[in-house]
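The values are calculated or read from the model by the stated rules, or taken from the named source; none is laboratory data. All figures in this text were calculated on a predicted structure; none of them were measured in a lab. Note that we place each Cβ from the backbone using ideal geometry, even for glycine, and neighbour counts take in every protein chain shown. Keep in mind that these areas ignore ligands, DNA and RNA; they rest on the heavy atoms of the full protein, side chains included. Shrake-Rupley method; radii C 1.70, N 1.55, O 1.52, S 1.80 Å.
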Amino acid sequence: MGGCTKEESAQGAGGGGDDRTLQKLRAEVDRVNQGGHPSQGPESTRGDPNAQLAGLAAGLDESSERTLSLPEPNATVHVDTLAVKLTGLESSHSVKGSGKVGLTTEDLFLRVRLITQNVGAAPLTLDLDGARVVGAGNQPYPLARDAQVVAGTRPLRRTWAPEERTDVVLLFELPPAALRDDGLHLVMQGSGGDVRIPLR
């Protein structure tokens, strides 16, 4: 099977049969995004992760990103003197950067959006590189560093001036089943130990 090559030529040609193939791929991606398991048809290569990734990449578009509901209550927490509040959660199979740069995964990229403010009287330096998402049974999912770079997010180690407010975006890679875990937390490290922020 041609994989990406065949699908890319189909997009360029716009033929009737190829259009139907792309429609099927997009429908499959939508179904997988909703938590379903990828189907294995007679023409697919069973157990071939590259073939499955090629199918996902061919069908992905901007609508594949899903906005997740925020937990209630959504309280502000403090990491040292940094006040942190969750402002958004999105999941998708891909992360896109500038130009044609992007990453695709069979799992999901979880984009965690935070608003932060240094409420102390002195500058505060924190390294968010150790942030992680923790699921059931304390299963950790570390930062997806490649995705952070592709997405062009801010450096993970930075200094907040007194009263400075800024948005922070953290990206993690985790299996779809983990997003259904009611105990999902973001864990950030401060000088006094770990601080947990409920996500689900």
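Amide H of Leu110: which non-local residues (sequence gap of 5 or more, or other chain) have their own amide H closer than 5 Å, using H built in the peptide plane?
Phe172, Glu173, Leu174
Which value in nm describes the separation of the simple spin-label points at Ser69 and Thr104, placed 7 Å from the Cα toward the beta carbon?
3.1 nm
Please go through segment 163-200 and write out the GluC sites (Glu not before Pro) that DSSP classes as loop and that have at most 16 other C-beta atoms within 10 Å. Could the numbers behind the result be given before it?
Numbers: sites: Glu163, Glu164, Glu173; in loops: Glu163, Glu164.
The qualifying sites are Glu163, Glu164.
Averaged per residue, what accessible area in Å² does segment 85-200 show with a 1.4 Å probe, protein chains only? It would help to have the intermediate numbers written out before the result.
On the way: 5540 Å² over 116 residues.
Value returned for segment 85-200: 48 Å² of accessible area per residue.
Kindly write out, for segment 173-183 in residue order, the coupling ³J(HN,Hα) from the Karplus curve 6.51 cos²θ - 1.76 cosθ + 1.60 (θ = phi - 60°), rounded to whole Hz, with x marking Gly and Pro.
With the stated coefficients, segment 173-183 comes to 10, 8, x, x, 4, 5, 6, 8, 7, 5, x Hz.
If the chain between Thr166 and Arg132 were fully stretched, how many nm would it gain, using 0.36 nm times the residue separation less the Cα-Cα distance? Display every interim value, and only then the final one.
On the way: separation 34, 0.36 × 34 = 12.24 nm, distance 1.97 nm.
Full-extension gain reported as 10.3 nm.
Grab the alpha carbons of segment 135-200, take their convex hull, and tell me the volume per residue in Å³. Before the final figure, lay out each step's value.
Values: hull volume 7.7 nm³, N = 66.
Output value, Cα hull per residue: 117 Å³.
Amide H to amide H under 5 Å from Arg200: which residues, 5+ apart in sequence or cross-chain, H placed 1.01 Å off N in plane?
Leu184
Give, in nm to one decimal, the length gained when the segment between Thr87 and Ala122 is fully stretched (0.36 nm per residue of separation minus the Cα-Cα distance). Provide the component values of the computation, followed by the final result.
On the way: separation 35, 0.36 × 35 = 12.60 nm, distance 2.51 nm.
The Thr87-Ala122 span can extend by a further 10.1 nm.
What percentage of the solvent-accessible surface of segment 94-200, computed with a 1.4 Å probe over protein heavy atoms, is contributed by carbon and sulfur atoms? Numbers along the way, then the final one.
Values: 2630 of 5350 Å².
Ligands and nucleic acids excluded, carbon and sulfur give 49 percent.
Starting with the highest mean, order 139-146, 105-112 by the number of other Cβ atoms within 10 Å, averaged over the residues of each peptide.
Values: 139-146: 15.1, 105-112: 19.9.
Ranking, from highest mean packing down: 105-112, 139-146.
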